[in-house]
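First comes the structure, then the notes that go with it.
The values are calculated or read from the model by the stated rules, or taken from the named source; none is laboratory data. All values derive from a computational prediction rather than experimental measurement. Neighbour counts run over all protein chains shown; Cβ positions are idealised from the backbone, glycine included.
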Amino acid sequence: MKYIFRIIVLILVCFGNIRGLSAGQIYWANESFMSIQRSDLDGSNVQSVVTGLPDPLGIASDDSIGKVYWTDTSNDIMQRSNLDGTNIQTVTSNNEPRGLALNASGDKVYWTDRINGTIQRATLVGADRVPIVSGLGNPQGIALDLAGGKMYWTEDGGNGPNGLIQRADLDGSNIETLLSGLGDPERIALDLSSGKMYWTDTDPDNIQRADLDGSGAEILVSGLENPFGIALDASAGKMYWSESLGGVIQRSDLDGSNIELLVSGLEVPRAITLVGLDPIPEPSTFLLAALGLLGLLGCVGRRRR
(Lines give C-alpha, C1' and ligand atoms only; values in the text may rest on other atoms or scores of the structure.)
Protein backbone atom coordinates (compact mmCIF):
# COMPACT_ATOMS: atom_id res chain seq x y z
CA MET A 1 0.00 0.00 0.00
CA LYS A 2 2.81 2.43 0.82
CA TYR A 3 4.19 2.05 -2.71
CA ILE A 4 0.81 2.85 -4.24
CA PHE A 5 0.63 5.95 -2.03
CA ARG A 6 4.06 7.09 -3.25
CA ILE A 7 2.98 6.60 -6.85
CA ILE A 8 -0.12 8.74 -6.32
CA VAL A 9 1.93 11.49 -4.67
CA LEU A 10 4.48 11.50 -7.51
CA ILE A 11 1.73 11.69 -10.13
CA LEU A 12 0.10 14.61 -8.34
CA VAL A 13 3.42 16.47 -8.14
CA CYS A 14 4.09 15.93 -11.84
CA PHE A 15 0.66 17.05 -12.92
CA GLY A 16 0.75 20.01 -10.57
CA ASN A 17 3.92 21.19 -12.33
CA ILE A 18 2.43 20.60 -15.77
CA ARG A 19 -0.58 22.77 -14.97
CA GLY A 20 1.63 25.47 -13.48
CA LEU A 21 -0.33 25.63 -10.22
CA SER A 22 1.24 28.51 -8.40
CA ALA A 23 0.89 31.09 -5.66
CA GLY A 24 2.34 33.72 -7.99
CA GLN A 25 1.59 37.42 -8.15
CA ILE A 26 0.80 40.13 -10.69
CA TYR A 27 2.85 43.33 -10.56
CA TRP A 28 1.85 46.42 -12.51
CA ALA A 29 2.77 50.07 -12.98
CA ASN A 30 -0.11 52.36 -12.02
CA GLU A 31 0.30 55.77 -13.61
CA SER A 32 -2.63 57.41 -11.86
CA PHE A 33 -1.75 56.08 -8.39
CA MET A 34 1.96 56.89 -9.01
CA SER A 35 2.98 53.48 -7.77
CA ILE A 36 4.05 49.91 -8.44
CA GLN A 37 1.31 47.61 -7.21
CA ARG A 38 0.79 43.87 -6.91
CA SER A 39 -1.88 41.30 -6.18
CA ASP A 40 -2.28 37.54 -6.07
CA LEU A 41 -2.99 35.87 -9.41
CA ASP A 42 -6.71 35.85 -8.67
CA GLY A 43 -6.71 39.62 -8.09
CA SER A 44 -6.93 39.48 -4.31
CA ASN A 45 -4.63 41.18 -1.79
CA VAL A 46 -3.94 44.33 -3.81
CA GLN A 47 -1.18 46.45 -2.33
CA SER A 48 1.27 49.19 -3.31
CA VAL A 49 4.92 48.19 -2.98
CA VAL A 50 6.52 51.42 -4.30
CA THR A 51 4.83 54.83 -4.13
CA GLY A 52 5.60 58.43 -5.06
CA LEU A 53 6.55 57.68 -8.68
CA PRO A 54 5.68 60.49 -11.14
CA ASP A 55 4.80 58.40 -14.21
CA PRO A 56 5.55 54.65 -14.00
CA LEU A 57 4.97 52.91 -17.32
CA GLY A 58 6.99 49.79 -18.14
CA ILE A 59 7.72 46.90 -15.78
CA ALA A 60 9.67 43.63 -15.76
CA SER A 61 10.76 41.12 -13.14
CA ASP A 62 12.86 38.04 -12.63
CA ASP A 63 12.43 35.57 -9.80
CA SER A 64 16.06 34.45 -9.94
CA ILE A 65 17.31 37.86 -8.77
CA GLY A 66 14.27 38.83 -6.71
CA LYS A 67 13.94 42.22 -8.40
CA VAL A 68 11.26 44.24 -10.14
CA TYR A 69 12.29 46.92 -12.68
CA TRP A 70 10.20 49.81 -13.95
CA THR A 71 10.48 52.80 -16.25
CA ASP A 72 9.32 56.31 -15.38
CA THR A 73 8.72 58.61 -18.32
CA SER A 74 8.43 61.83 -16.30
CA ASN A 75 11.84 61.46 -14.71
CA ASP A 76 13.24 59.70 -17.79
CA ILE A 77 14.72 56.96 -15.64
CA MET A 78 14.65 53.22 -15.05
CA GLN A 79 14.65 51.97 -11.47
CA ARG A 80 14.53 48.68 -9.62
CA SER A 81 13.79 47.37 -6.14
CA ASN A 82 13.37 44.16 -4.22
CA LEU A 83 10.01 42.49 -4.82
CA ASP A 84 8.70 43.98 -1.58
CA GLY A 85 9.61 47.50 -2.72
CA THR A 86 12.69 47.94 -0.55
CA ASN A 87 16.16 48.97 -1.74
CA ILE A 88 15.16 51.24 -4.63
CA GLN A 89 18.00 51.93 -7.07
CA THR A 90 18.25 53.99 -10.27
CA VAL A 91 19.49 51.86 -13.16
CA THR A 92 19.57 54.38 -16.04
CA SER A 93 18.71 58.04 -16.62
CA ASN A 94 18.73 60.70 -19.35
CA ASN A 95 16.51 58.92 -21.84
CA GLU A 96 12.81 58.11 -22.23
CA PRO A 97 12.57 54.39 -21.46
CA ARG A 98 9.29 52.72 -22.34
CA GLY A 99 9.19 48.92 -22.45
CA LEU A 100 11.86 46.77 -20.85
CA ALA A 101 12.91 43.12 -20.64
CA LEU A 102 15.44 41.25 -18.53
CA ASN A 103 18.09 38.66 -19.30
CA ALA A 104 19.05 37.94 -15.71
CA SER A 105 21.29 34.97 -16.50
CA GLY A 106 23.22 37.15 -18.95
CA ASP A 107 23.29 40.18 -16.60
CA LYS A 108 21.46 42.37 -19.13
CA VAL A 109 18.45 44.65 -19.26
CA TYR A 110 17.00 45.76 -22.62
CA TRP A 111 14.68 48.73 -23.14
CA THR A 112 13.06 50.83 -25.83
CA ASP A 113 13.85 54.56 -25.94
CA ARG A 114 11.08 56.56 -27.55
CA ILE A 115 12.88 59.91 -27.74
CA ASN A 116 16.01 58.56 -29.42
CA GLY A 117 14.23 55.88 -31.45
CA THR A 118 16.53 53.17 -30.14
CA ILE A 119 16.70 49.90 -28.30
CA GLN A 120 19.37 50.01 -25.63
CA ARG A 121 21.10 47.47 -23.43
CA ALA A 122 23.05 47.61 -20.18
CA THR A 123 24.01 45.38 -17.30
CA LEU A 124 21.37 44.78 -14.63
CA VAL A 125 22.81 47.68 -12.60
CA GLY A 126 22.98 50.03 -15.60
CA ALA A 127 26.66 49.76 -16.53
CA ASP A 128 28.02 49.42 -20.08
CA ARG A 129 24.97 51.07 -21.61
CA VAL A 130 24.87 50.91 -25.40
CA PRO A 131 22.26 51.43 -28.17
CA ILE A 132 21.96 48.24 -30.20
CA VAL A 133 19.19 49.30 -32.63
CA SER A 134 18.81 52.83 -33.98
CA GLY A 135 16.57 54.70 -36.40
CA LEU A 136 13.26 53.44 -35.02
CA GLY A 137 10.11 55.52 -35.11
CA ASN A 138 8.24 54.97 -31.86
CA PRO A 139 9.39 51.75 -30.14
CA GLN A 140 7.21 50.54 -27.27
CA GLY A 141 7.11 47.00 -25.89
CA ILE A 142 9.96 44.48 -25.97
CA ALA A 143 10.27 40.76 -25.23
CA LEU A 144 13.20 38.34 -25.35
CA ASP A 145 13.60 34.82 -26.71
CA LEU A 146 16.88 33.94 -25.02
CA ALA A 147 16.99 30.35 -26.26
CA GLY A 148 16.43 31.50 -29.84
CA GLY A 149 18.77 34.49 -29.51
CA LYS A 150 16.08 36.98 -30.55
CA MET A 151 14.36 40.09 -29.26
CA TYR A 152 10.92 41.26 -30.40
CA TRP A 153 9.51 44.77 -30.18
CA THR A 154 6.52 46.85 -31.20
CA GLU A 155 6.36 50.26 -32.87
CA ASP A 156 3.37 52.50 -32.30
CA GLY A 157 1.63 53.47 -35.53
CA GLY A 158 1.06 57.08 -34.47
CA ASN A 159 -2.73 57.13 -34.91
CA GLY A 160 -2.56 55.36 -38.24
CA PRO A 161 -2.10 51.89 -39.69
CA ASN A 162 1.67 52.15 -39.51
CA GLY A 163 2.35 50.00 -36.47
CA LEU A 164 5.01 47.30 -36.67
CA ILE A 165 6.28 44.25 -34.90
CA GLN A 166 9.95 43.57 -35.56
CA ARG A 167 12.67 41.29 -34.27
CA ALA A 168 16.45 41.05 -34.34
CA ASP A 169 19.30 39.11 -32.82
CA LEU A 170 20.07 40.01 -29.21
CA ASP A 171 22.94 42.21 -30.38
CA GLY A 172 20.60 44.19 -32.66
CA SER A 173 21.68 42.64 -35.95
CA ASN A 174 19.49 40.94 -38.58
CA ILE A 175 16.39 43.11 -38.15
CA GLU A 176 13.18 41.62 -39.59
CA THR A 177 9.73 43.16 -39.95
CA LEU A 178 7.25 40.47 -38.94
CA LEU A 179 3.99 42.43 -39.09
CA SER A 180 3.11 45.83 -40.56
CA GLY A 181 -0.05 47.86 -41.03
CA LEU A 182 -1.00 47.55 -37.37
CA GLY A 183 -2.67 50.31 -35.38
CA ASP A 184 -0.91 51.13 -32.12
CA PRO A 185 0.68 47.93 -30.81
CA GLU A 186 1.85 48.42 -27.24
CA ARG A 187 3.23 45.56 -25.15
CA ILE A 188 4.28 42.15 -26.41
CA ALA A 189 4.70 38.74 -24.74
CA LEU A 190 6.03 35.41 -26.03
CA ASP A 191 4.80 31.86 -25.55
CA LEU A 192 7.89 30.05 -26.74
CA SER A 193 6.48 26.61 -25.91
CA SER A 194 3.79 27.13 -28.55
CA GLY A 195 5.76 29.37 -30.91
CA LYS A 196 3.40 32.33 -30.46
CA MET A 197 3.65 36.05 -29.76
CA TYR A 198 0.84 38.07 -28.17
CA TRP A 199 0.37 41.83 -28.16
CA THR A 200 -2.02 44.56 -27.12
CA ASP A 201 -3.19 47.19 -29.61
CA THR A 202 -4.84 50.43 -28.47
CA ASP A 203 -6.17 51.12 -31.95
CA PRO A 204 -8.49 49.20 -32.43
CA ASP A 205 -8.44 48.19 -28.73
CA ASN A 206 -7.84 44.47 -28.98
CA ILE A 207 -5.41 41.67 -28.16
CA GLN A 208 -3.90 39.66 -30.99
CA ARG A 209 -1.46 36.80 -31.47
CA ALA A 210 0.53 35.28 -34.30
CA ASP A 211 3.24 32.74 -34.92
CA LEU A 212 6.73 33.95 -34.06
CA ASP A 213 7.43 34.59 -37.75
CA GLY A 214 4.36 36.86 -37.98
CA SER A 215 2.13 34.41 -39.82
CA GLY A 216 -1.32 33.31 -38.70
CA ALA A 217 -2.27 36.58 -37.00
CA GLU A 218 -5.64 36.48 -35.23
CA ILE A 219 -7.70 38.66 -32.91
CA LEU A 220 -8.31 37.03 -29.53
CA VAL A 221 -10.17 39.68 -27.52
CA SER A 222 -11.81 42.86 -28.84
CA GLY A 223 -13.91 45.72 -27.51
CA LEU A 224 -11.45 46.55 -24.73
CA GLU A 225 -10.72 49.94 -23.18
CA ASN A 226 -7.16 50.82 -24.14
CA PRO A 227 -5.42 47.46 -23.55
CA PHE A 228 -1.82 48.08 -22.59
CA GLY A 229 0.18 45.56 -20.53
CA ILE A 230 0.18 41.85 -21.26
CA ALA A 231 1.77 38.82 -19.56
CA LEU A 232 1.44 35.07 -20.04
CA ASP A 233 1.34 32.10 -17.71
CA ALA A 234 1.78 29.55 -20.49
CA SER A 235 2.03 26.53 -18.19
CA ALA A 236 -1.39 27.32 -16.73
CA GLY A 237 -2.81 28.36 -20.13
CA LYS A 238 -3.60 31.92 -19.02
CA MET A 239 -3.16 35.41 -20.45
CA TYR A 240 -3.26 38.55 -18.27
CA TRP A 241 -3.69 42.14 -19.44
CA SER A 242 -4.36 45.68 -18.21
CA GLU A 243 -6.73 48.27 -19.67
CA SER A 244 -5.55 51.83 -19.13
CA LEU A 245 -8.91 53.52 -19.74
CA GLY A 246 -10.96 50.75 -18.17
CA GLY A 247 -8.84 50.79 -15.01
CA VAL A 248 -8.87 46.99 -14.80
CA ILE A 249 -6.70 43.91 -14.96
CA GLN A 250 -8.25 40.85 -16.55
CA ARG A 251 -7.23 37.35 -17.60
CA SER A 252 -8.45 34.68 -19.96
CA ASP A 253 -7.40 31.41 -21.50
CA LEU A 254 -4.64 31.78 -24.09
CA ASP A 255 -7.21 31.73 -26.89
CA GLY A 256 -9.09 34.67 -25.35
CA SER A 257 -11.97 32.64 -23.92
CA ASN A 258 -13.19 32.53 -20.31
CA ILE A 259 -12.44 36.17 -19.47
CA GLU A 260 -12.23 36.98 -15.75
CA LEU A 261 -12.15 40.44 -14.14
CA LEU A 262 -9.41 40.34 -11.50
CA VAL A 263 -8.84 43.93 -10.32
CA SER A 264 -10.89 47.07 -10.98
CA GLY A 265 -10.84 50.73 -9.94
CA LEU A 266 -7.18 51.21 -10.86
CA GLU A 267 -7.75 54.26 -13.11
CA VAL A 268 -4.61 53.95 -15.30
CA PRO A 269 -2.80 50.62 -14.96
CA ARG A 270 0.05 50.26 -17.43
CA ALA A 271 2.50 47.41 -18.07
CA ILE A 272 2.22 44.20 -16.04
CA THR A 273 4.50 41.29 -15.15
CA LEU A 274 4.02 37.95 -13.39
CA VAL A 275 6.18 36.81 -10.48
CA GLY A 276 6.57 33.46 -8.74
CA LEU A 277 5.15 31.16 -11.41
CA ASP A 278 6.01 27.48 -11.55
CA PRO A 279 8.24 26.80 -14.57
CA ILE A 280 7.26 24.39 -17.32
CA PRO A 281 9.13 21.14 -16.51
CA GLU A 282 12.07 20.21 -18.70
CA PRO A 283 11.83 16.93 -20.67
CA SER A 284 14.28 15.41 -18.18
CA THR A 285 11.69 15.98 -15.44
CA PHE A 286 9.21 13.75 -17.20
CA LEU A 287 11.90 11.13 -17.87
CA LEU A 288 12.93 10.99 -14.21
CA ALA A 289 9.30 10.82 -13.13
CA ALA A 290 8.64 7.97 -15.55
CA LEU A 291 11.71 6.05 -14.35
CA GLY A 292 10.62 6.57 -10.76
CA LEU A 293 7.16 5.25 -11.49
CA LEU A 294 8.55 2.19 -13.25
CA GLY A 295 10.85 1.52 -10.33
CA LEU A 296 8.05 1.77 -7.81
CA LEU A 297 5.77 -0.44 -9.88
CA GLY A 298 8.60 -2.98 -10.11
CA CYS A 299 8.91 -3.04 -6.36
CA VAL A 300 5.18 -3.64 -6.03
CA GLY A 301 5.37 -6.49 -8.53
CA ARG A 302 8.27 -8.18 -6.73
CA ARG A 303 6.54 -7.96 -3.35
CA ARG A 304 3.41 -9.57 -4.76
CA ARG A 305 5.44 -12.49 -6.14
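Could you check segment 181-213 and list, in sequence order, the residues that are closer than 15 Å to GLN140 by Cβ and either outside the structural domain of GLY229 (by TED's automatic domain parsing) or more than 17 Å from the chain's Cα centre (by Cα) (or both)?
LEU182, GLY183, ASP184, THR202, ASP203
Tell me the residue from SER61, SER48 that is part of a strand (DSSP E or B) and closer than 20 Å to ILE188 by Cβ, please.
Result of the check over SER61, SER48: SER61.
Could you list, in sequence order, the residues of segment 94-124 that are within 23 Å of GLY135 (Cβ to Cβ) and of a type in the set (Gly, Ala, Ser)?
Listed by number, the residues that qualify are GLY99, ALA101, GLY117, ALA122.
TRP153 is checked against (1) assigned to a strand (DSSP E or B); (2) at pLDDT below 95 and fails just one. What number does that condition carry?
Result: TRP153 passes all but (2).
Among the residues of segment 32-52, is any assigned by TED's automatic domain parsing to the domain that holds ILE142, more than 27 Å from LEU164 (Cβ to Cβ) and acidic (Asp, Glu)?
Scanning segment 32-52 turns up at least one residue that is assigned by TED's automatic domain parsing to the domain that holds ILE142, more than 27 Å from LEU164 (Cβ to Cβ) and acidic (Asp, Glu).
Check whether at least one residue in segment 7-18 is surrounded by fewer than 17 Cβ atoms within 10 Å (Cβ to Cβ), over 21 Å from the mean Cα position of the chain (by Cα) and modelled with pLDDT of 95 or more, and report yes or no.
no
If we scan segment 222-232, do we find a residue that is hydroxyl-bearing (Ser, Thr, Tyr) and closer than 17 Å to PRO269 by Cβ?
no
Return the residue satisfying two criteria in turn: it lies in segment 91-108 and is out of contact with any Gly (no Cβ under 8 Å at 6 or more places or on another chain) and modelled with pLDDT of 95 or more, and of such residues it is surrounded by the most Cβ atoms within 10 Å (Cβ to Cβ).
That would be ALA101.
Within segment 40-90, how many residues are loosely packed, with under 15 Cβ neighbours inside 10 Å, touching a Ser or Thr at 6+ places or on another chain (Cβ under 7 Å) and at positive phi?
Selection size over segment 40-90: 2.
Could you go through segment 227-235 and let me know if any residue there is of a type outside the set (S, T, N, Q), in a loop (DSSP other than H, G, I, E, B) and modelled with pLDDT of 95 or more.
No: segment 227-235 contains no residue that is of a type outside the set (S, T, N, Q), in a loop (DSSP other than H, G, I, E, B) and modelled with pLDDT of 95 or more.
With LYS150, LYS108, LYS67 as the choices, which residue is more than 22 Å from TYR27 (Cβ to Cβ) and among the basic types (Lys, Arg)?
LYS150
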